[in-house]
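Structure first, then comments.
The values are calculated or read from the model by the stated rules, or taken from the named source; none is laboratory data. It should be emphasised that the depicted structure is a prediction, and the values quoted were computed from it without experimental measurement. Cβ: placed from backbone, ideal geometry, glycine included. Neighbour counts: every protein chain shown. With ligands, DNA and RNA removed, areas are computed over all heavy atoms of the protein, side chains included. Shrake-Rupley method; radii C 1.70, N 1.55, O 1.52, S 1.80 Å.
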Amino acid sequence: MSLAPGSTIGIIGGGQLGRMLAMAAARLGYRTVVLEPEADCPAAQVANRQIVAAYDDPAALAELAGASAVVTYEFENVPVQAAQTLAAHVPVYPPARALEVAQDRLTEKNFLNGIGVLTAEFCPVDTDDHLSAALKKFSGSGVLKTRRMGYDGKGQRVFRNMETGGFAGICEAMGNVPLILESLVAFEREISVIAARGQDGSVAAYDPAENIHREGILRTSTLPAAIAPDTASAAKQAAAKILAALDYVGVIGVEFFVLADGSLLANELAPRVHNSGHWTEAACIVSQFEQHIRAIAGLPLGSPARHSDCVMENLIGDDMLKVPALLAEPGVMLHLYGKAESRPGRKMGHFTRIERRR
Ligand code: AMP
């Protein structure tokens, strides 16, 4: 059953993704309530109401469940227990299982390989000895990552030609937390697919974006990606497989490495709207944000077709100085997140430059 106009959607997390979800919800006639410990967060500035409390605060979760017809989230580190508690009272989309899978890189890789979506080779690492053995297996190179709570390249260390020795203290330096070593992938490019699954099981996948990261942070997403049509279809098919296997409702972001022969290795899942899908608000009739709201509200999914080629660029820290010039440029859609203080590495906004109408 679809949500009636005027119903309230609960959003866990108050960052820019929550803000854009709240804006899309408002345009479809819904109200929003945001659960976020930081007062006056980017999402709360455009939502109807904020519950200022921790994501796992039992009283706040009860209040959110009571106020919402459906609950969603804007980040993947929502405590699984909180999502499960809420789900006993109100529909929660995407399902808590998606959080479980995406929160641990080892669980995520096992899940992906289990459904036939290939990833880089990997080994769990809990001690310096495990690391030494794993690096030997991968001929001395690899990317060591924390299994949990990593984002924007944080909690990662790259090894090249480290077959012997020098491992002492590395696990401690990584915080003595469970780790995973992935083989170092010599990828040609990185792409991501933003796809949605509705409550009726229908799937809509946007064309893959080609992504450039710097210092682990997404800088640009370019449409179309410079990949063969077969590679683009394979990426969309993999996303559809993941959505079906998780019995998913909502938007997911799936990042892939593209190898020289055009084959794909999945890198990461984001069970939410994704930074590399921001271009959809400027170059598609139905953005990833509206698509997510449609899915969780039980509305039919919209077309993921792109009317224009484009490049989305993040505005990080001092990039805000570019704003006056961007405002003067025709064909640029600017989106600022309402964050008062600009800090190095902080995502302040983004813009999408329309390159060519299709
Ligand atoms: P992640 O946090 O897993 O998305 O990694 C951040 C970035 O590090 C990716 O977008 C890649 O550019 C790079 N990276 C991550 N894992 C690997 C890998 N196994 N091989 C090569 N590069 C990687």
**Asked** GNM on the chain, C-alpha springs below 10 Å: top fluctuator among LYS236, LYS322, LYS109?
**Response** LYS322
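For ALA47, what charge total do you get from the other residues with a beta carbon under 15 Å from its beta carbon, if Lys and Arg give +1 and Asp and Glu give -1?
Net charge in that neighbourhood comes out at -1.
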**Message:** If I build a Gaussian network model for the chain, linking alpha-carbon pairs within less than 10 angstrom, which residue out of ALA96, ALA283, ALA340 has the largest mean-square fluctuation?
**Reply:** ALA340
**Asked** So if R0 is 35 Å, what FRET efficiency would ALA328 and ILE285 give, r being the distance between their Cβ atoms, rounded to the nearest 0.05?
**Response** 0.85
**Asked** Relative to the Cα centre, what is the charge dipole magnitude of the stretch 189-356, using +1 at the beta carbon of each Lys and Arg, -1 at the beta carbon of each Asp and Glu, and rounding to the nearest 20 debye?
**Response** 260
**Options VAL33, PRO324, LEU21, ranked by Cα towards positive dipole end of the chain, top entry (Cβ charges)** = PRO324
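Based on the Cβ-Cβ distance of SER342 and ASN113, what FRET efficiency does E = 1/(1 + (r/R0)^6) give at R0 = 41 Å, to the nearest 0.05?
Values: r = 41 Å, r/R0 = 0.99.
Efficiency for this residue pair is about 0.50.
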**Item:** Accessible area per residue in Å² at 1.4 Å probe, computed on the chain
**Value:** 42
**Request:** May I ask you to evaluate 6.51 cos²θ - 1.76 cosθ + 1.60, the Karplus curve with θ = phi - 60°, for each residue of the stretch 60-69 and list the ³J(HN,Hα) values in order in whole Hz, giving x for glycine and proline?
**Result:** 5, 5, 5, 5, 5, 4, x, 8, 10, 8
**Request:** Summarise the accessible area of the chain (1.4 Å probe, protein heavy atoms) by the percent that is carbon and sulfur.
**Result:** 52
**Message:** Modelling each spin label as a point 7 Å along the Cα-to-Cβ direction, I'd like the ALA245/ARG27 distance in nm, to one decimal.
**Reply:** 3.3
**Message:** Not counting ligands, DNA or RNA, and with a 1.4 Å probe, what is ASP230's accessible surface area in Å² rounded to the nearest 10?
**Reply:** 130
**Prompt:** In whole percent, what relative contact order does the stretch 121-182 give with Cα contacts below 8 Å and a gap of six or more residues?
**Reply:** 51
**Asked** Using θ = phi - 60° and the Karplus form 6.51 cos²θ - 1.76 cosθ + 1.60, what ³J(HN,Hα) does each residue of the stretch 118-132 get, whole Hz, x for Gly and Pro?
**Response** 6, 10, 4, 5, 8, 9, x, 10, 10, 9, 4, 5, 4, 5, 4
**Item:** Cα lying deepest toward the dipole's positive end in the chain, options GLY140, ALA226, ILE285, charges on Cβ
**Value:** ILE285
**Request:** Place +1 on the Cβ of every Lys and Arg and -1 on the Cβ of every Asp and Glu in the chain, take the dipole about the Cα centre, and give the residue among CYS171, VAL101, PRO300 whose Cα lies farthest towards its positive end.
**Result:** PRO300
**Message:** With every protein chain left in place and a probe of 1.4 Å, what is the accessible surface of ASP207, to the nearest 10 Å²?
**Reply:** 50
**the chain: most fluctuating residue of HIS292, HIS213, HIS278 per GNM, C-alpha cutoff 10 Å** = HIS213
**Complete:** The FRET efficiency for ARG358 and ALA226, from their Cβ-Cβ distance with R0 = 22 Å and rounded to 0.05, is 0.85
**the chain: relative contact order as a whole-number percent, Cα under 8 Å and 6+ apart** = 15
**Message:** Under a crude label model (7 Å from the Cα following the beta-carbon direction), how far is HIS89 from LYS137 in nanometres?
**Reply:** 4.4
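With contacts defined as alpha carbon pairs under 8 Å and 6 or more residues apart, what's the relative contact order of the stretch 134-271 in percent?
Details: 247 pairs, mean separation 30.4, N = 138.
That works out to 22 percent.
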